[in-house]
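Visitor: Have a look at this one before I ask anything.
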Amino acid sequence: MNPMPFDVQLLNALSALLLLLAFAMLSQRRIVTLVSLLAVQGVLLLAATLLLAWRTGETHLYFSAALTLGLKVIFLPWVLYRLIRRLGVYWDSEPLINIPGTMLIGLLIVVFAFGLAQPISELASTATRSAIGIAVAVILLSFLMMITRRKAMSQVVGFLSMENGLFFGAMSATYGMPMIVELGVALDVLVAMLVLGVFFFQIREQFDSLDLHHLESLKEKR
Amino acid sequence: MAWLTQILEVLAALVAAPLFLGWVNKCRAWLQNRSAPSLLQPYRGIRKLFFKDAVIAENASPLFRLAPYVVFGAMVLAAAIIPSMGTRLPFSSAADAIALVGLLATARVFQSLAAMDVGTAFGSLGARREMMIGFLAEPALLMVIFVASLISATTALPVISERLAVQSVGLYPSLAFTAVAFTMVLLAENARIPVDNPATHLELTMIHEAMLLEYSARHLALMEWAAALKLFNYACIGFALFVPWGVSTTATGPAGLLFAIPLLAAKLAVAGVGLALIETLSAKLRVFRAPEFLATAFLLAVLGLLVRLLLGS
Amino acid sequence: MEFLLLLGTPLVGAAALAVWGARPRAPELNVVFSLATFLAACALTVRVIGEGELIVAREQFFIDAFNVFLVALTAFVGFTTSLFSRPYMRVEMEHGRVTPRRLRLYHSMYQLFMATMLIALTTNNLGLLWVAMEAATLSTVLLVTLYRTPASLEAGWKYFILCGVGIAQALFGTILLYFAAESVLGVEGVNALLWTHLDSVKGDLEPTVLSLAFVFLLVGYGTKVGLAPLHNWLPDAHAEGPTPISAVLSGLLLNVAVYAVVRCKVLAEGALRSDLPSQMLMGFGLLSVMLAALFLWRQRDIKRLFAYSSIEHMGIITFAFGMGGPVANFAALLHMTVHSLTKSAIFFAVGHAAQKAGSQLMENIRGLVTLSPTVGWGLMLGSIAILGIPPFGVFASEFLILTTAMKEQPWATPILLFALGIAFAAIFGRVQPMVFGEPTAKRLPHPPALIPVFTHLAIVLVLGVFIPPYLADWYRTAAQLIGGP
């Protein structure tokens, strides 16, 4: 009844947890918890990368695991925690769509993502091909989170989680991108975080708040 | 042999249900640093109520008197269907898992009708809230059962349990998700803490207790016993779906039954601790947050279903 | 060697200006670095024209007929913009809109932005292309918010989030592309993102995956091109940032994004053997042209006006690349060149005009021609050029595109003509009183930098009358490279 080898099962379990985590983020109103969830997502990615590296014996996966550890598990959450403390934003306000509603939309999105990933999974030869659908789902769910949130901070968490989803997608479809690209992407994420940090302070200085409804004046007039 | 198991199971449910409730209460008291009530406290409560004279409101209809017996009967019948000790149950061929959900719903309908029957404010308030919770919890419960059915390709609870028990140990994210969803449904359906607090009569928040306010004596005793049975039944459904190992099957024979009884006791003991732990660690939700809680349960169950379909695990 | 200089100079410039960017002579330093980059680009162009395609750094970078001229164009406009930014930023300093620290940020990021665009243009690796595009966004976000006004912060945030999300889609498209390529290029998985390799096997790539990949890539890079309906960030970012940045965003970054889209389209078309990619490009192009033309009517801010005009022209270019074929590709390349030159020239003139009037609102800018004839005529001629009036080069390219469209896609011609007509009326009707109305403005403490404006316009004029044969050859080679139905 259970023909899959144990490590594939473990990978599947990890990807299922990633999906669950995406939903947890979608429903979470506390920004600190949101960041913790992001860190957990990083840990899961790390575990999945290490497992894949061990399974396939590809050394570059160990490097990207190290990159994940440094950047997504340690550095980014640390920066975000610091930002939260310095800026004093702990809670997001009520999201644009209420949470059960968001969840239901999220479910539809997951079904859509699985459908989208179906042709790709069929062509893939990796052990993790069934996880591609989950990666797409995580990307789209993070996108949904960015749409429904009002606070800049939660949008950023959504952005980073989308990046995690992309990373996971690359891993499950092709065992990761070439090293040079992965390094470049990591560098971009890092720089984006720094730019955002500066940006948050600018916004706060100007508006005394990180609520994005202040940023809705530039519209087509008349 | 099968009939022996059947009779034993129903008897065990009737006897053990208040004990299980007592155990949960005791654990809770320990965890909260209170002096614990006796394990037998629920029995004492029920016995005391049976010796009292029943007082019934003047405008109560026959339905009001009938309801406790229906509710209690439904719970006993449910206990007969659920494979808590053995999977060879003559009764269970009468109803599969979906019918079981229906049986539980029948009990709920009668309880709510009876609560509204007298026409007091609290009664209808409790009934309305109970229906709201039930309306949200039922689909989640069904989804949980569907996932298990999908894995074992049947909706008959004993067969599900048997098939899940024999398969090799593996990681099943789908089952893990549904287990969490099921726990949430269990908490909501049995008026446990994040949704309702069984220990208080605070009118603004109570759900289950509000429906029982008009009952007294033997009717109340039956209702409380039925509530204990319900908790017991839910726990046993959980065991059947998620930790089915050790139930006696055709393969194991009478020796298996001897083994299954202490194992059930052990599972119940652990479940009781777990339940008490959850109740101690979480805070009561506002009534308006309860739909969110149950939507999450539903979501988890559906996610389990999707994961099962996609990953095949 | 030239290549190393080309990428190295702006990077060194970024580092140097990060240190000395606040010095009084920093603008001149900026010009020097930009000039050096431009010279390196010229040397590289000469070499590529002489020796043909160039592949360097373990095949990670390559220069072929398509990108060499975009490199030259980018370096040139980068250089002239630095000339323009010298007096412009001095005035901003004196008006107290920027502090020395922000000026340092500005100069350093300007060079970094040039570097990222040049990397994006020259890289052979589609993954690196993505990285460079994202880096280009990041290096300009803080420039858009340079003035720290609420509006500029909002524009910056929109720019960041929209382009960030958009470009994330492009990353997913790149992953899918890699996925499709890996099964073909298999063993040499490292090369599976190199465009030259992909191009040689494009016929074998899995069509289903490629079509999905192309959709994601088009949406992703299309966001940066400013294709409707993903254009929302563009007018805000152009209007709220400093004008030199508007000039390079509009004149260069959009080109680079179009370049990325076209590279992806070549692959998708080769794999799909259908005209789905072409039709998508044409559809997005037409939608952008229409939408931008209609929005032009509602603008009150002069920089927003020309930002929408950029969307319109990007739509035209995308449409032309969508039609494909030697003539349309040729016209699109020519249009990229002339639009880039004209639009940056317009932004230079607009920058000086807005500084004179002390406002970017068109109703406050009046009578430029009496105040400063050169700025006034610059704006007027630029507007005439961008509206496609002969003998400017924009006319030549638009004419080519329209005639090809009449032949190949007759249904689209009326839409294009209609949009061009609306845009003409909208822009001309607004520019005319600004240039010839009653003057209201004041004198500037620094003389405006008009050499860039008129150099650009002169080149556009020349291109409209006569395209030098080597340039025409080169356009033809590039057009052939891009191919199409």
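The values are calculated or read from the model by the stated rules, or taken from the named source; none is laboratory data. Bear in mind the structure is a predicted one, so any value in this text is a computation, not a measurement. Cβ atoms come from the backbone with ideal geometry, glycine included; neighbour counts cover every protein chain shown.
Visitor: Going residue by residue through the range B:232-243, is there one that turns out to be modelled with pLDDT under 90, out of contact with any Gly (no Cβ under 8 Å at 6 or more places or on another chain), of a type in the set (A, V, I, L, M) and part of a loop (DSSP other than H, G, I, E, B)?
Guide: There is at least one residue in the range B:232-243 that is modelled with pLDDT under 90, out of contact with any Gly (no Cβ under 8 Å at 6 or more places or on another chain), of a type in the set (A, V, I, L, M) and part of a loop (DSSP other than H, G, I, E, B).
Visitor: Next up: What do you reckon, is B:Tyr43 under 22 Å from the mean Cα position of the chain (by Cα), closer than 20 Å to B:Glu214 by Cβ and assigned to a helix (DSSP H, G or I)?
Guide: no
Visitor: Exactly one of these conditions fails for C:Met93: (1) hydrophobic (A, V, I, L, M, F, W, C); (2) more than 9 Å from chain A (Cβ to nearest Cβ); (3) surrounded by 24 or more Cβ atoms within 10 Å (Cβ to Cβ); (4) more than 22 Å from the chain's Cα centre (by Cα). Give me its number.
Guide: (3)
Visitor: Follow-up. Looking at (1) farther than 21 Å from B:Leu300 by Cα; (2) out of contact with any Ser or Thr (no Cβ under 6 Å at 6 or more places or on another chain), find the lone condition where A:Met145 falls short.
Guide: That leaves (1) as the condition not met.
Visitor: Scan the range A:131-163 for residues that are β-branched (Val, Ile, Thr) and more than 14 Å from chain B (Cβ to nearest Cβ) and jot them down.
Guide: Of everything in the range A:131-163, those that are β-branched (Val, Ile, Thr) and more than 14 Å from chain B (Cβ to nearest Cβ) turn out to be A:Ile139, A:Ile147, A:Thr148, A:Val156, A:Val157.
Visitor: The conditions are (1) surrounded by fewer than 24 Cβ atoms within 10 Å (Cβ to Cβ); (2) of a type in the set (Gly, Ala, Ser); (3) under 19 Å from C:Ala472 (Cα atoms), and C:Gly283 fails exactly one of them. Which is it?
Guide: It fails just one condition, (3).
Visitor: Only one of C:Gly325, C:Gly378 is among the small types (Gly, Ala, Ser) and surrounded by 24 or more Cβ atoms within 10 Å (Cβ to Cβ); which?
Guide: None of the other options fit; the residue is C:Gly378.
Visitor: Still on this structure: Name the one entry in B:Ala240, B:Ala271, B:Ala290 that is away from chain A (no Cβ under 14 Å), under 13 Å from B:Leu187 (Cα atoms) and either in contact with a helix residue (DSSP H, G or I) (Cβ under 9 Å, 6 or more places away or on another chain) or surrounded by fewer than 18 Cβ atoms within 10 Å (Cβ to Cβ) (or both).
Guide: Checking each option against the conditions leaves just B:Ala271.
Visitor: Just give me the residues in the range C:196-208 being surrounded by fewer than 22 Cβ atoms within 10 Å (Cβ to Cβ) and either in a helix (DSSP H, G or I) or facing chain A (nearest Cβ under 9 Å) (or both), in sequence order.
Guide: Listed by number, the residues that qualify are C:Thr196, C:His197, C:Asp199, C:Ser200, C:Lys202, C:Gly203, C:Asp204, C:Glu206, C:Pro207, C:Thr208.
Visitor: Just checking, how many residues over the range A:171-184 are at the interface with chain C (Cβ under 9 Å from one of its Cβ atoms), touching a residue at least 24 places away in the same chain (Cβ under 8 Å) and within 16 Å of A:Lys72 (Cβ to Cβ)?
Guide: The total comes to 2.
Visitor: Of (1) in contact (Cβ under 8 Å) with a residue 24 or more places away in the chain; (2) farther than 18 Å from B:Met75 by Cβ; (3) aromatic (Phe, Trp, Tyr), B:Phe259 satisfies all except one. Which?
Guide: Exception for B:Phe259: condition (1).
Visitor: May I pose another question? Test B:Val70 against the stated conditions and say whether it is closer than 17 Å to B:Ala221 by Cβ, of a type in the set (Val, Ile, Thr) and touching a helix residue (DSSP H, G or I) at 6+ places or on another chain (Cβ under 9 Å).
Guide: Taking the combined requirement at face value, the residue satisfies it.
Visitor: Now a separate question. What number of residues within the range C:147-164 satisfy the criterion of being within 7 Å of chain A (Cβ to nearest Cβ) and more than 22 Å from C:Val98 (Cα to Cα)?
Guide: The number of residues fulfilling the criteria is 2.
Visitor: Within the bounds of the range A:40-50, is there any residue that is within 14 Å of chain B (Cβ to nearest Cβ), over 14 Å from the mean Cα position of the chain (by Cα) and in contact (Cβ under 8 Å) with a residue 40 or more places away in the chain?
Guide: Checked the range A:40-50: at least one residue is within 14 Å of chain B (Cβ to nearest Cβ), over 14 Å from the mean Cα position of the chain (by Cα) and in contact (Cβ under 8 Å) with a residue 40 or more places away in the chain.
Visitor: Using the structure shown, decide if A:Ala113 is surrounded by 15 or more Cβ atoms within 10 Å (Cβ to Cβ), more than 9 Å from chain B (Cβ to nearest Cβ) and in a helix (DSSP H, G or I).
Guide: Here the answer is yes, as A:Ala113 does meet what is asked.
Visitor: Still on this model: Among the residues of the range C:223-280, what is the count of those that are more than 15 Å from C:Asp301 (Cβ to Cβ) and of a type in the set (Ser, Thr, Tyr)?
Guide: Going through the range C:223-280 one residue at a time, the tally reaches 4.
Visitor: At least 1 residues that are at pLDDT below 85 and among the charged types (D, E, K, R) in each: list the helices (runs of 4 or more DSSP H) lying fully within the range A:4-100 that qualify.
Guide: It comes to A:6-27, A:31-56, A:76-87.
Visitor: In the range B:300-313, what residues are facing chain A (nearest Cβ under 7 Å) and touching a residue at least 60 places away in the same chain (Cβ under 8 Å)?
Guide: B:Val302, B:Leu303, B:Val307, B:Leu311, B:Ser313
Visitor: Among the residues of the range C:175-190 satisfying the criterion of being within 11 Å of another protein chain (Cβ to nearest Cβ) and at pLDDT below 75, which is nearest to C:Phe61 (Cα to Cα)?
Guide: Checking each candidate, the answer is C:Val190.
Visitor: For residues that are of a type in the set (A, V, I, L, M, F, W, C) and crowded, with 24+ Cβ neighbours inside 10 Å, tally how many sit in the range C:209-232.
Guide: So the answer is 7.
Visitor: Got a number for residues in the range B:46-75 being assigned to a helix (DSSP H, G or I), under 30 Å from B:Ala99 (Cα atoms) and not basic (Lys, Arg)?
Guide: 14
Visitor: Of B:Ser248, B:Ser282, B:Ser216, which residue is in contact with a helix residue (DSSP H, G or I) (Cβ under 8 Å, 6 or more places away or on another chain), at negative phi and surrounded by fewer than 18 Cβ atoms within 10 Å (Cβ to Cβ)?
Guide: B:Ser216
Visitor: Going by the structure shown, is C:Met336 crowded, with 24+ Cβ neighbours inside 10 Å and touching an Asp or Glu at 6+ places or on another chain (Cβ under 7 Å)?
Guide: No: the conditions fail for C:Met336.
Visitor: Just to be sure before I move on: is A:Ser161 crowded, with 23+ Cβ neighbours inside 10 Å and touching an Asp or Glu at 6+ places or on another chain (Cβ under 6 Å) in the structure I sent?
Guide: So A:Ser161 fails the test.
Visitor: Restricting attention to the range B:174-182, does a residue exist that is more than 14 Å from chain A (Cβ to nearest Cβ) and in contact (Cβ under 8 Å) with a residue 60 or more places away in the chain?
Guide: For the range B:174-182, residues more than 14 Å from chain A (Cβ to nearest Cβ) and in contact (Cβ under 8 Å) with a residue 60 or more places away in the chain: present.
Visitor: If C:Ala132 meets every condition in (1) touching a residue at least 40 places away in the same chain (Cβ under 8 Å); (2) more than 7 Å from every other protein chain (Cβ to nearest Cβ); (3) buried (at least 22 other Cβ atoms within 10 Å of the Cβ); (4) not polar (S, T, N, Q) apart from one, which number is that one?
Guide: All conditions are met except number (1).
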